[in-house]
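First comes the structure, then the notes that go with it.
Computed from the coordinates by the stated procedures, all read-outs in this text should not be read as laboratory data. A quick note: this is a predicted structure, and the numbers were derived from the prediction, not measured. Note: ideal-geometry Cβ built from the backbone for every residue, glycine included; neighbour counts use all protein chains shown.
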Amino acid sequence: MGDDIEVMALDGVDIDIHQGEYVAIMGPSGSGKSTMLNLLGCLDRPTAGSYWLGGEDVAQMEDDSLSDVRGRRIGFIFQSYNLIAQLTVLENIQVPLFYQGKSMAESYDRCVELAQLVGLGERLTHRPNQLSGGQQQRVAIARSLVNDPLMILADEPTGNLDSKTGLEVLDLIDELNDDGKTIVLVTHDNYVAERAHRVIHMKDGHVDREEIKRRTGEERQKVYKRR
Amino acid sequence: MVSYQQFMSTVQLGIKTLLLHKLRSGLTMLGIIFGVCSVIAMLAIGEGASYEAQERIKALGSNNIIVRSVKPPDEAREQNNSGGRSRGIRYGLTYDDTARIYSTIPGVERVLPMRLIRERIRFFEIELPCQVIGTLSFYPDIVSIDLIKGRFLSHMDEVYKQNVCVLTTSLAQRLFPYHDPLEQTIKIAGVYYRVVGLVREINTPNERPQSGESEGETLENNVYLPLATCKARFGETLIKRTGNQVNSETVQLHEIRVQMKDHSFVESADPQVRTMLSRFHKDVDYEITVPLQLLRQAEATKRMFNIVLGSIAAISLIVGGIGIMNIMLANVTERTREIGVRRALGGKKRDIITQFLVETVVLSVGGGLVGVVVGVITPILVTSTTGMNTIITWWSVALAFSISGAIGVVFGIYPANAAASLDPIEALRHE
């Protein structure tokens with residue numbers, strides 16, 4: 001026990017993320033961006049300091065309350081999609097609502113709507129292994145939206161995708177942001193971070209610098225409108 | 001709290017997950033299936049084995065006390081030493097004993113004296129060994145027999161020392177292959193008797209033909225005579241010649257059946273009869289059998305038997321449970337990612353516990369259900385192939401099934417806890 005060397009993964013980080021913002025967190029490995037993500041996602045608790053999420057200090061919450069916060073307020077998009085293999089597309093989308101005690105009957109309409117939103121309205125009963133990587137990631141995006149979260153956390157959402165499907169996924173995320181969703185995206189890919197309003201560069205557990213990106217109208221036009 | 005709907009969909013999910021690996025789940029269930037099956041089958045076989053013994057004892061009558069004359073062992077040895085001389089011994093129960101028991105023991109309903117003599121019965125050219133039973137008219141009230149035809153011995157037969165007899169059906173069938181036995185005259189030891197009735201002893205397993213051939217003579221070849229007739233025709237002294245030895249035995253009564261008014265008198269009467277007899281008999285030339293005690297002993301033996309068989313079977317259930325636990329632990333490792341995802345998406349520790357526990361219970365209860373079916377079929381097969389008596393009791397089925405359920409819970413808790421206590425971050429990172 002005494003041998004553990006205390007490592008400060010994050011130290012003196014102070015950031016605000018506003019509603020509707022699209023923030024990218026960048027940094028080399030070991031910069032603390034994973035820890036940052038875990039804290040933002042309420043998967044981990046800071047040893048010191050506070051984290052206000054939607055008017056609640058979640059920094060020192062109990063495990064169960066944290067689960068609850070995650071379930072209600074955060075949408076996760078993972079690099080490797082992390083769909084549950086034995087569930088269908090529809091059931092995967094419903095998982096966060098399931099943990100809020102909602103039955104499939106109650107949430108069916110919403111799940112179908114989201115599946116349609118991400119372009120998988122025809123594949124509701126498919127299982128993850130019957131879908132391509134891009135499709136799986138879209139299911140994951142639909143899942144991240146189902147609980148109408150305060151913030152969507154995307155951890156390298158295009159990391160496992162080829163550039164074309166990656167683009168499609170990023171477009172979809174842009175679209176969500178356009179609809180007013182708060183997006184926090186962790187990446188080491190500059191190209192991906194380009195799309196954010198603000199990029200937070202991490203280095204050695206600190207915020208190294210922040211840059212504000214402004215999108216031109218032209219760039220906005222590039223966003224493929226699916227609807 | 002976990003709602004009913006949520007629980008049901010967790011059960012559905014569990015079944016779905018288990019169906020994903022049909023072979024694995026099936027093999028895991030096998031342990032429980034065999035366990036449940038062996039609990040039910042073993043208890044059924046044990047139950048069946050003790051049932052017959054108990055039925056025999058019950059046929060002796062649980063309200064009865066049976067006192068039998070026994071040749072004293074000392075006398076017998078002396079007799080052997082004495083070589084070729086003829087010698088007479090006198091032992092056993094007497095008519096006085098009957099009267100004393102009847103008048104002194106509280107709670108006595110009836111006392112039935114019996115004489116038992118091995119003889120040969122003859123009808124024309126057919127001669128068969130038989131057991132002559134000299135007894136009274138109320139014999140059927142104490143010993144369970146069915147009257148098949150005619151009547152049993154009456155009080156008047158006794159009073160007038162009538163030469164009448166009642167035969168058991170199996171004896172009659174062999175003695176009178178072509179005649180109606182009733183009103184026929186048979187000959188025993190030179191004296192003729194008229195057949196007035198046919199009976200069947202209930203504790204005689206008539207459906208078994210093999211016992212009729214070899215050892216059936218004691219049980220089924222009974223000839224019932226009025227006691228007084230028996231005494232008058234055969235006397236009290238039996239002379240047996242073996243080689244150069246001539247042995248005579250003088251026995252008044254071979255057996256006395258004491259019927260008590262109620263179960264409750266039986267146990268108090270047993271020592272009283274013992275004490276009373278010991279006053280009047282120098283040697284212990286009698287033995288007392290209390291069917292009620294035998295029954296209790298048989299029940300105790302059965303219980304012991306059941307415990308032994310049951311625990312052997314329970315061990316196999318536990319082994320099955322360990323198998324389940326093993327698979328579930330492997331499952332947890334394999335599905336670490338899923339657990340991480342579920343935790344990230346709002347699943348609480350107890351949701352994870354519920355999920356894995358439900359899966360284990362589905363496995364064990366599923367195995368339990370199949371085991372019950374197989375366990376009910378097995379004793380039936382055993383009975384039909386070996387002819388062994390088996391009895392499936394509802395409680396053994398309930399016991400085996402509920403143990404299988406309990407095993408699911410007990411052996412599921414550890415893997416479920418292991419799953420729930422995974423750190424979500426670690427679990428998500430797990431490859």
- Query: So what's the angle, to the nearest 10 degrees on a 0 to 90 scale, between helix B:4-20 and the longest Cα principal axis of chain B?
  - Reply: 90 degrees
- Cut-off 12 Å between beta-carbons: net charge of the residues surrounding B:Ile105, Lys and Arg +1, Asp and Glu -1: +1
- Query: Say the cut-off is 19 Å between C-alpha atoms; which of A:Lys181/B:Lys348; B:Lys161/B:Lys240; B:Lys261/B:Lys302; B:Lys71/B:Lys282; B:Lys71/B:Lys240 go over it?
  - Reply: A:Lys181/B:Lys348; B:Lys161/B:Lys240; B:Lys261/B:Lys302
- Item | Cross-link partners of A:Lys164 among lysines (Cα-Cα below 22 Å; sequence separation of 8 or more within a chain) | A:Lys222, A:Lys225
- Compute the long axis of helix B:349-386 from its Cα atoms, compare it with the longest principal axis of the Cα atoms of chain B, and write down the angle in degrees, 0 to 90, nearest 10. 30 degrees
- Sorted from fewest to most neighbouring beta carbons within 10 Å, what does the list B:Met276, B:Met29 look like? B:Met276, B:Met29
- Query: Which whole-angstrom value gives the distance between the alpha carbon centres of the stretch B:286-354 and the stretch B:379-408?
  - Reply: 15 Å
- For the stretch A:60-106 and the stretch B:114-180, what is the separation of their C-alpha centers, rounded to whole Å? 87 Å
- Note on the structure: Tilt, helix B:291-334 to longest principal axis of chain B (alpha-carbon atoms), in degrees rounded to tens, equals 20 degrees
- Item | Residues of type aspartates and glutamates that B:Lys16 reaches as a straight line, Cα spacing below 19 Å, ignoring anything fewer than 8 places off in the same chain | A:Glu91, B:Glu334, B:Glu338, B:Asp351, B:Glu359
- Query: Using the Cα gyration tensor of the stretch B:342-410, with a ≥ b ≥ c the square roots of its eigenvalues, what is the shape: rounded (a/c below 1.5), prolate (a/b larger than b/c) or oblate (neither)?
  - Reply: prolate
- Note on the structure: Dipole check, chain B, charges on Cβ (K,R +1; D,E -1), about Cα centroid: among B:Met8, B:Leu182, B:Thr169 the Cα furthest to the positive pole belongs to B:Met8
- Can you grab the distance from the C-alpha centre of the stretch A:144-211 to the C-alpha centre of the stretch A:31-46, Å, no decimals? 15 Å
- Message: To check you understand DSSP bridge types, tell me what percent of the beta bridges within chain A (both residues inside) are antiparallel, rounded to 5.
- Response: 30 percent
- Message: Let me make sure I get this right: for chain A, a, b and c are the square roots of the gyration tensor eigenvalues over alpha carbons, sorted descending. Under 1.5 in a/c it's rounded, otherwise prolate if a/b > b/c, else oblate. Which is it?
- Response: oblate
- Mean projection of the alpha-carbon convex hull of the stretch B:307-373 over all orientations, in nm²? 5.4 nm²
- Task: With runs of 4+ DSSP H residues as the only contributors, calculate the mean residue ellipticity of the protein assembly as shown at 222 nm using -39,500 (n - 2.57) per run, divided by the residue total and rounded to the nearest 500.
- Result: -16500 deg cm²/dmol
- Item | Order of B:Trp394, A:Trp52 - criterion: other Cβ atoms within 10 Å of each residue's Cβ, fewest first | B:Trp394, A:Trp52
- Summarise the long-distance tail of P(r) for the protein assembly as shown by giving the % of C-alpha pairs beyond 36 Å. 62 percent
- Query: What is the fewest-to-most order of A:Asp44, B:Asp283 by other Cβ atoms lying within 10 Å of their Cβ?
  - Reply: B:Asp283, A:Asp44
- Query: What shape does the stretch A:20-66 have by the C-alpha gyration tensor, where a ≥ b ≥ c are the square roots of the eigenvalues, rounded means a/c under 1.5, and otherwise prolate means a/b greater than b/c and oblate the rest?
  - Reply: oblate
- Summing Lys, Arg as +1 and Asp, Glu as -1, what charge do residues with Cβ under 11 Å from the Cβ of B:Pro181 carry, B:Pro181 excluded? +1
